[in-house]
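Scroll down for the structure; my scribbles are underneath it.
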Amino acid sequence: MLLLAQKIGIKSVSFERLSSKSGSPGRLHARQRRPRSSSASWPVLEWPDRQFQIGKPLEASTAWRVSERAAVDSDDALFVVGDALDVASKLRGKGYESSVKIVYLDPPFFSKEDYVHEARLDGHASGRVVRTDAFADRWGGSDVIAYLEMLGPRLEAATNLLRRDGTIWLHLDYRAAYFARMLLDEIMGPRAFINEIVWRRAPNLGRQAASHQFGRTLDTILVYGGPDARLLPPTRLEPIEESAIRFDDEGRPFTAAPRGDYTDASIVKLAAEGRVHTTASGKVYIKYFLVKNAGDVWCRERRVDALWTDVPPLRHVSASERTGYPTQKPLALLERIIASASKPGELVVDLFAGSGTTGEAAYRLGRRFILGDLGAVSRATARARLLRAGAPLKIISEPGPIAPEPVVASIERDLVQSKVTLTSPEDPLCWTVGAIDGEVYVTHWHAARSLGVRGKGTAMTSSGLDLTSAITVRAYADDGRVWQSHLDASPR
């Protein structure tokens, strides 16, 4: 029996070959099962009164109601309001099963903590701050068992959305990654495993450095894929010491490394490309030609491996990127994932959308995206962010409640344009000018708050609105509240 060195709230977790006995109460253990993608049996997690079972059909939901959309009516940028399992059910009902190139999941980490969204209205640390409860990562008395019962069905539902060449990227940390890997092995089969990526999400400073242990500064991203899945890792530039730079007969700078495990046939091929350097003593080295970086330094271009130390944490990105959502991931991280596993026009899905980073990264890279999240703070944050990015966002949900206090706004117009001025609320997360089309609110103009910068107080529009009838002004709060008023835009 192999005993994991990780302790959980009730008892330690063990892996063992089991007979017909079910194991001791309260203990997680493994038994042999045949995964769906492998011909060999493989140990899988078991726990008392396990409800999650592989292959249990997920009912396809037909509930699909558009509540808001951009002026450009598109299905390329969707936010579906709901729990991850409900959203997967709706996507299955709309025919998205087996059609997704990337599923990225950033679920709760089993941290047993409450998370708060912080919006800094004035930018600096001493300025005004709006704090809103975002979500709770707590699972009651059963603790890890309740967490696994939540995670298992959502992982299986997500994998069923993938194409044969699709990949799922599951982002966790030391608290639950090893559980999740066993679940994915059970769901997809161990042969579907592609990578375990380690991202250094924070420097080893402060409390971490003084904790009498190696700093817990790493996140784990598990990558599994269909039988035809292929990744194209990006390259990065590594500066080369001047003393290690040589020049060939054509004046090209290069650095050299031992031939390693290159076969003789490979050496012949590389020699034909001018990439073999032979020393006076007859030793064979491989040439790596150099390029200059933005700092005019000669660098070797290397493929990125599974240790990601070059993607800075969120605290080190520009203020305009930080939304205040407590578990937001940096754009550079999602852009790397999406660029390495998909092509422009392909579909990316995130069922734990949070602040909407996956959606913005996909939009910037020319991919279609579908986000899902149940949280009101997530919906509000992602809506503001994606509208600011210019995405033609469409929200799938039942119409939400409108706050009893109306928006206070005024409208002026002339022959060329209309001018809408927002008076109250003073500091909305974002506000929009649009119109009601049946039961759908259509946004024609929007402004969203950036960190430390208020949203624009005046909307100028010269086209897109029917200025002979009423327009609708909406304002959105950080906690998901929506205010609304109708203004008469008809000529005087």
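Scan T323, T357, T278, T309 and give me the residue that is farther than 11 Å from Y104 by Cβ and without any contact (Cβ under 8 Å) to a residue 40 or more places away in the chain.
Working: T323 fails: without any contact (Cβ under 8 Å) to a residue 40 or more places away in the chain; T357 fails: farther than 11 Å from Y104 by Cβ; T309 fails: without any contact (Cβ under 8 Å) to a residue 40 or more places away in the chain.
Going through T323, T357, T278, T309 in turn, just one is farther than 11 Å from Y104 by Cβ and without any contact (Cβ under 8 Å) to a residue 40 or more places away in the chain: T278.
Could you tell me whether the stretch 430-447 includes any residue that is modelled with pLDDT under 65, of a type in the set (S, T, N, Q) and out of contact with any Cys (no Cβ under 6 Å at 6 or more places or on another chain)? Spell out the reasoning first.
Pass one, the stretch 430-447, residues modelled with pLDDT under 65: none.
No: zero hits.
Take the residues in the stretch 299-347 that are in contact with a strand residue (DSSP E or B) (Cβ under 7 Å, 6 or more places away or on another chain) and more than 20 Å from P234 (Cβ to Cβ), then tell me which one is surrounded by the most Cβ atoms within 10 Å (Cβ to Cβ).
Residue satisfying both the conditions and the ranking: Y325.
Scan the stretch 347-373 residue by residue and report those that are in a helix (DSSP H, G or I) and polar (S, T, N, Q).
Start the filter on the stretch 347-373 by keeping residues that are in a helix (DSSP H, G or I), which leaves 357-364.
Passing the criteria: T357, T358.
Of all residues in the stretch 145-198, count the ones that are within 17 Å of D106 (Cβ to Cβ), open to solvent by less than 10 Å² (accessible area, probe 1.4 Å) and assigned to a strand (DSSP E or B).
Here the count works out to 7.
Could you list, in sequence order, the residues of the stretch 324-377 that are aliphatic (A, V, I, L, M) and more than 18 Å from L231 (Cα to Cα)?
Step one: of the stretch 324-377, the residues aliphatic (A, V, I, L, M) are 331-334, 337-339, 341, 347-349, 351, 353, 361-362, 365, 370-371, 374, 376-377.
Across the stretch 324-377, the qualifying residues are L331, L351, A353, I370, L371, L374, A376, V377.
Test G140 against the stated conditions and say whether it is without any contact (Cβ under 8 Å) to a residue 40 or more places away in the chain and over 21 Å from the mean Cα position of the chain (by Cα).
Values: without any contact (Cβ under 8 Å) to a residue 40 or more places away in the chain: yes; over 21 Å from the mean Cα position of the chain (by Cα): yes.
It is true that G140 is without any contact (Cβ under 8 Å) to a residue 40 or more places away in the chain and over 21 Å from the mean Cα position of the chain (by Cα).
Give just the number: which of (1) assigned to a loop (DSSP other than H, G, I, E, B); (2) in contact with a helix residue (DSSP H, G or I) (Cβ under 9 Å, 6 or more places away or on another chain); (3) within 25 Å of A339 (Cα to Cα) does D228 not satisfy?
(2)
Quickly run through the stretch 62-97 and pick out the residues that are assigned to a loop (DSSP other than H, G, I, E, B), over 18 Å from the mean Cα position of the chain (by Cα) and small (G, A, S). Before the answer, list the steps.
To start, the set of residues in the stretch 62-97 that are assigned to a loop (DSSP other than H, G, I, E, B) comprises 62-65, 71-76, 82-83, 94-97.
Keeping just the survivors that are over 18 Å from the mean Cα position of the chain (by Cα) gives 62-65, 71-75, 94-97.
Answer for the stretch 62-97, where residues must be assigned to a loop (DSSP other than H, G, I, E, B), over 18 Å from the mean Cα position of the chain (by Cα) and small (G, A, S): A63, A71, S74, G95.
The values are calculated or read from the model by the stated rules, or taken from the named source; none is laboratory data. Remember, it's a predicted structure, so these values are computed and weren't measured experimentally. As a convention, Cβ positions derive from the backbone with ideal geometry for all residues, glycine included, and neighbour counts pool all protein chains shown. Note: accessible area is taken over every heavy atom of the protein model, side chains too, but ligands, DNA and RNA are not part of it. Shrake-Rupley method; radii C 1.70, N 1.55, O 1.52, S 1.80 Å.
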